[in-house]
1. For segment 1-63, what is the accessible area per residue in Å² when the probe is 1.4 Å?
2. What do the square roots of 5 times the Cα gyration tensor eigenvalues come to for segment 52-118, in whole Å, largest first, as semi-axes of the equivalent ellipsoid?
3. Explain nothing, just the number: dipole magnitude of segment 1-136 about its Cα centre with +1 on each Lys and Arg Cβ and -1 on each Asp and Glu Cβ, in debye rounded to the nearest 20.
4. Taking every alpha carbon pair in segment 243-376, what does the distance histogram look like in 10 angstrom bins from 0, in percent?
5. Going by a ≥ b ≥ c, the root eigenvalues of the Cα gyration tensor, does segment 193-316 fall in the rounded group (a/c under 1.5), the prolate group (a/b larger than b/c) or the oblate group?
6. Among L42, A276, L128, whose Cα sits farthest toward the positive end of the charge dipole of the chain (+1 at Cβ of Lys/Arg, -1 at Cβ of Asp/Glu, about the Cα centre)?
7. Please list, by residue number, everything in segment 238-264 whose backbone N is under 20 Å from a paramagnetic label point 7 Å out along Cα→Cβ of R8.
8. Taking the Cα centre of segment 140-186 as origin, work out the dipole magnitude from +1 charges on Lys and Arg Cβ and -1 charges on Asp and Glu Cβ, in debye rounded to 20.
Amino acid sequence: MTHSSLLRSDETLFRDPEVFESTFVPEQVHYRDAQVRELAFLLRPALRGGSAGSAILRGQPGTGKTTTVRRIFAEVTETTKKVVPVYVNCRHDRTALAVFGCIFEQAFGYAPPSRHLDGIKRGIAARLRDRDAALVVCLDDANELIPAGTYNTLLYQILRLYERWDVRKPGVFAVASDLGLNLYAEADESVRSVFHPTEVNFPPYTKAEVRGILADRIRQGLYPGVVSTSLLDRIAGIAADEQDIRVGIDLVRLAVLRAEKDGRRRVAPADVTAAAQAVRSPALRARVAGLSEGERALLYRIAELSVAGTDMIGGAVFEEVQDYLPVGKTAYHEHLNGLARAGIVDLVPGAGRGREVRLRYDPGEVLAVCKPPDRR
């Protein structure tokens, strides 16, 4: 290695490290034009003195739901006072006091002076009346409110704010990453009477789309030549397999940090390999955490069979798991389809012998993450 190829201690490969943070909101949201148009349509009545519509945003993690909402809300804030857009992370704020406190803080720019819910609501209503503005609240990860027991209460109190406080009816964008959950069905009758959401779906990005998004982040966040075209293709393939753009963004960041730590000006294939291991394992753990007991047991057995080199056609797998997970074919296929929906296995059509079961992760990683269920 020549001296010129070494990175000095006061140099960095990052032009703008913030580009690779989870809170970064790009100037342009790529490949989500239809979703942007749908949400903008729901906001349009509020710009004309009316009330905003509501929506349920559905899609797997890492499909651009949060980024799309944040971009739209940023543009609304920059261009008009007629709408007060508020983003709430329901993983952090789940109670009525916490959520309305968050609404107050984003509307005023400082925390509410009162800790009384009615006082906070009164302040929010006063700000909306002063601006003649409509409130739109994004409840990100709204599914977190269901086990907390506050989902219906919060929807009811937000959507019916107008009844007591003489403001325009607010809109709610409820975001869910659990495709097996119907947020509208979870609402009780009193909520459904005022909650009429449009469903906006966010499909996984294709490999070409992942590559385009990562190329744009690399252009903004890194100096030229740090990540080669071939390594970008490899990273895009990994993220597309995970169906999660966040995996790709984290992978780029970690690979660049590894190269920078070694004093190199370019990312090497070994950097990507090491970063992929660090990124994929947490993603796998998150997916496994959402499985049912039966799905988890089946996954563990599939990983064992993969290590042993067993025939992985669906029918053969069914026979192999009987001693381990004695279920009927209907339950077996339900569990198998659950693993596919979770993004852990692919079910590939075979040549007349049924579907081949292919793990999307290294079987050793799966065995390490899955706690073996009790054998019968």
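1. Ligands and nucleic acids excluded, the result is 58 Å² per residue.
2. Numbers: eigenvalues 103, 59, 20 Å².
In descending order, the three semi-axes are 23, 17, 10 Å.
3. Details: 20 positive and 15 negative charges, 145 e Å.
Around 700 debye, computed over segment 1-136.
4. Spelled out per bin, shortest first, that is 12, 38, 27, 16, 7, 1.
5. Numbers: a/c = 2.35, a/b = 1.31, b/c = 1.80.
Oblate, because a/c is 1.5 or more while a/b does not exceed b/c.
6. Ranked along the dipole, the leading option is L128.
7. Residues passing the 20 Å test: 259-264.
8. Values: 4 positive and 7 negative charges, 67 e Å.
The calculated dipole for segment 140-186 is roughly 320 debye.
The values are calculated or read from the model by the stated rules, or taken from the named source; none is laboratory data. Predicted model, so just to flag it, every value in this text is computed and none were measured. A quick note on method: Cβ atoms are made from the backbone with ideal geometry, for glycine too, and the neighbour counts reach across all protein chains shown. For the accessible areas, the whole protein counts, side chains as well, though only heavy atoms, and no ligand, DNA or RNA atoms are used. Shrake-Rupley method; radii C 1.70, N 1.55, O 1.52, S 1.80 Å.
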